[in-house]
Every structure is written in C-alpha cells, then in structure tokens.
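Single-structure report; data block below.
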Number of protein chains: 2
Amino acid sequence: MNLLLISNSTMAGEEYLLWPRPHIQNFLQENSITEVCFVPYAGISLSSEGLEASYDIYAEKVTSVFKMLGAKLVSVHTSDDPKQMIREAQAVVVGGGNTFHLVFQLQSFGLMEVIRERVKKGLPFMGWSAGSNIACPSLMTTNDMPIIEPISFKTLGLIPFQINPHYLDANPTGHGGETREQRINEFLIVNKNTKVVGLREGCLLSVKDGKLKIIGSKSLRVFEYGQEPKEIDPGQDISFLLH
Amino acid sequence: MNLLLISNSTMAGEEYLLWPRPHIQNFLQENSITEVCFVPYAGISLSSEGLEASYDIYAEKVTSVFKMLGAKLVSVHTSDDPKQMIREAQAVVVGGGNTFHLVFQLQSFGLMEVIRERVKKGLPFMGWSAGSNIACPSLMTTNDMPIIEPISFKTLGLIPFQINPHYLDANPTGHGGETREQRINEFLIVNKNTKVVGLREGCLLSVKDGKLKIIGSKSLRVFEYGQEPKEIDPGQDISFLLH
C-alpha cells in the first residue's frame, strides 16, 4: 500500500494546504500521478447554497493547489457513477471536514468497499484530517461532532491502528472538559486491542513498501491500553504499528 | 416535566460537583426527593479494574455529594433489574462522561424507553454533561469521542432542541481544528429544523411547569439554521425553545 495520512490541511493563519505541499508533491511525483480523484463529502459548510455547492467550492479550492503541484483533479461528486470514477482513478484524495458526514456518504454511495479494494491493491491514497481518519479500522477516534448517523462506524481499515488527527495536549485554560488524552484513554478502555496514534498538526504518516514513517515538525504520541503513552520523533520508522 | 440539565459537573480546579450544589439541593427539596436513582454508565475511566469498578467509584463520588444535600443514592449498575429500579425511582440522575458509552448501555439494557416514559409523566430528571445531552432528541451535539457504536443516535427526546454542553467560544491559540461554533453550524446544515443551545460551563437549564429557564453565571448561545446566533442572559425565560 501507498498512503499519505496528513493530520491537518492548514496551520492556523497560513494559506490553505500550505504546509503539506512538498509532501503531496513528492507523493504525486514518486507515483507518477497526473490526475487525482477527490472525495469532498466531509466538506459541508463551505456554501449556504447546499451540499452540492459546498462540494463544488471544496473541489475548486483543492484543484487550485493540486494544479500548482502538477496534477489535475476530478471530484467524485460531479460523477453520475462515483464507483466507476474510483475504479479508473490514478489516486484517491480524501479531504477533511466532518468525519461522520464523510463516512455516511461513502457508505450511502457504496464507495467504502471500492476504495478499500483498490487501495489494498496499490492505488495511492492520500487524506487529511477526516480523510486520514477513514484509513483506520473505524471512525472512533475522530474529534468531530456526530452530526449525522452513518450506517456503521467501520471505515476503510487500511491500517490496523487508529489515528487521532489534530492531536492536542491541553485544553484551553480554565476549561473543565476532557483532554484529548482522557478521551483516547476512554477509547482504549472499550477497545483494548487497538493502538491510537495522536498525530499533531504539521505532521503526517507515510506508508510505503510495508514501512510506516512519521514525518513533520512534532513528535507523535502512541497510546496503548495499560501502558504509558510513548513519544516518537519525526523521521523514525514506526512500522511496528502495522503489525 | 421536571428537568435540571447541567452543562458540567465541575469548574476547573474546584471540588467535584461544587458549583451546581445549591441548584441540585433546591431541585431535591422542591420535589421532596429523599432518594435518587443514579445512572453511572458514562463514567468508564475511573478505575483500571474494569467497568463495574469504575461505576462503583463513580456512584460513591456522587453519593457523598448527594448525602450532604440530604438525599440517598442507589445506582442502576448495582441492580439485577435496572428497569424495575427506574420504575420505582423518586428521581433519575444521569452523570457525565462519555455520551456514546452512556447511550450504548442505556440502549443495551432497554432503559431509554423506561426513563423516557416515566420522565414524560413527571419523574424528576437531572443530568450533567453527557447526562444533559441524552435529554435531547439525539446525541448529535455531544463533544465526546465516538468510542463505541450505539444502536442508534436517538436519545430521550425530553426537549425538542439540542444542547451542546461545555460550550466553548475559542480554540486554544494556534490550533487549526474546527471551533465549537463551526461544528454546530455543520450540525445545522444537515439538521435544519433543530435548534442548538450552547450551554457554557457554570450554567444549567431548568424545565418546570412547561417553562424553560437558563440559570448560571454566563449567557447561553442559541443557534438556528440560517440565522445569526443569539446570546441570552441568565435568569431569562426561554420557553420559546420548547415549542
């Protein structure tokens, strides 16, 4: 498999999809990708004209970035036969937004199976935020609000562990809600055999030739039931998480 | 109906369940409640010895507060027949924690229906955080991580609007994830006819004699599809939300 799993599209105050551009460009070049198939279903709040208009705006934003990086973009929401579009794609790119809405739509259109099958056979897959979450066995470590009920919490299962994107160490000062670490510990209590990776903003995971690497500006935090969390620095081979 | 829906158990740095004690005491006295039936299923991370031990610790913590306020506490998790315990209760008290786990357990034990039926007929109901969330039509405005898949997102539906407990205005500085307001706006996009109330910490909603009031130290933020959010000060009658 060939995966690029990005924590977040954009650092606060920066241009859209700026920080991961060099990594996206490498990914495109290494895999000789000239056109990507984009999945915009997580992006629902970009237009007051309805979901289709919101997807249009989302696809346009991402198109302009990919154009700079030398690749065309087609969006599944523009096709009458999204399954066929996935079957013919050179690469799949899944944008962030609301994970529940993304999963709901992928399940409604029957796209989960098609994407899973092709990516497991080598189709390059890239996602950020919600798009990285769906590479996991389930959506259970998303930060998003459950605004719509999907058919199932199961997602693509491309990797055997869970990612928590936008991983954050602390709450705003004075706020009494659960910290991210407390939330992940709750997940581990009812899912004792699944590891969770806290992927901080400005970081990504790369899966290639059976190897898993952490790339970016911050360390990654690995949570496992009954163990102290581990910090792992960027650049390390963390392929043990794949087994 | 007779409801006390509390945003959060505890202000950062304070003693457990300290700030809402006067309100809880009033509620107990006004309704001549001498014993409450406690639902601990949201509290799963209080012991490493397993869920039952965690519920024990949770029930004990809450028992000691209610004792000070003059009421006994029995916890549903200690009963062989939790439905019967609810049927015989003088009041139901639902503690906070993970909303998905709470809903999963209430559905598994068939308690949703029993609680709904009795509370709609006048049984006093009190909840905080996750416990307030389940008074809404669904769990869709929880802040919690979806660590377990419930049978359905539907909850008690005691009130016709959604509460977002622990409502928070801003993200920690420099963090690029969605703000709470953005998340709620996403909810409204796919649930256009449901209002959402952002209930800040230190605040609660009281439903009594068909009237709804906001009580506490901060204003409440009401979100409605296609409208600017409204701030409503404590002490106001906001019964319009019930219609």
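The values are calculated or read from the model by the stated rules, or taken from the named source; none is laboratory data. What you are looking at is a predicted structure, and each value in this text was computed from that prediction instead of being measured. No Cβ is skipped: glycine too gets one built from the backbone with ideal geometry, and neighbour counts run over all protein chains shown. SASA here: full protein model, heavy atoms, side chains in, ligands and nucleic acids out. Shrake-Rupley method; radii C 1.70, N 1.55, O 1.52, S 1.80 Å.
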In sequence order, calculated HN-Hα J values of region B:177-187 (Karplus, 6.51, -1.76, 1.60; Hz; x Gly/Pro): x, 5, 6, 4, 4, 5, 5, 5, 5, 4, 4
DSSP beta bridges in the protein assembly as shown [antiparallel fraction, %, rounded to 5]: 50
From phi via Karplus (6.51, -1.76, 1.60), per-residue ³J(HN,Hα) for region A:227-242 in Hz, x at Gly/Pro: 10, 5, x, 10, 9, 10, 6, x, x, 6, 7, 10, 4, 4, 5, 7
Simple label model, 7 Å out from Cα along Cβ direction - A:Q107 to B:R87, nm: 3.4
Equivalent ellipsoid semi-axes - Cα gyration tensor, chain B, angstrom: 27, 20, 18
Choice from A:A71, A:A135, A:A91 showing the highest fluctuation, given a GNM over chain A with Cα pairs closer than 10 Å: A:A71
Per residue solvent-accessible surface (Å²) - region A:2-242, probe of 1.4 Å: 38
Helical contribution to [θ] at 222 nm, DSSP H n ≥ 4, -39,500 (n - 2.57), averaged over chain B, rounded to 500: -8500 deg cm²/dmol
Size of electric dipole in the protein assembly as shown: Cβ of Lys, Arg +1 and of Asp, Glu -1, about Cα centre, debye, nearest 20: 340
Within the accessible area of the protein assembly as shown (1.4 Å probe), percent carbon and sulfur: 48
Cross-link table B:K72/B:K120; B:K61/B:K230; A:K61/A:K211; A:K72/A:K213, entries beyond 29 Å C-alpha to C-alpha: B:K61/B:K230; A:K61/A:K211
Of all DSSP beta bridges in chain B, antiparallel share, percent nearest 5: 50
Highest-MSF residue in chain B out of B:I159, B:I115, B:I232 [GNM, Cα springs under 10 Å]: B:I232
Kirkwood-based Rg to Rh ratio, the protein assembly as shown, C-alpha trace: 0.99
Chain pair B, A: total accessible area buried, heavy atoms, 1.4 Å probe, Å²: 3500
Accessible surface of A:T179 - all protein chains present, 1.4 Å probe, nearest 10 Å²: 40
Gaussian network model of chain B, springs between alpha carbon atoms under 10 Å - residue of B:V92, B:V197, B:V65 with greatest fluctuation: B:V65
Shielding by partners - mean other protein chain Cβ count within 10 Å, residues of A:177-186: 5
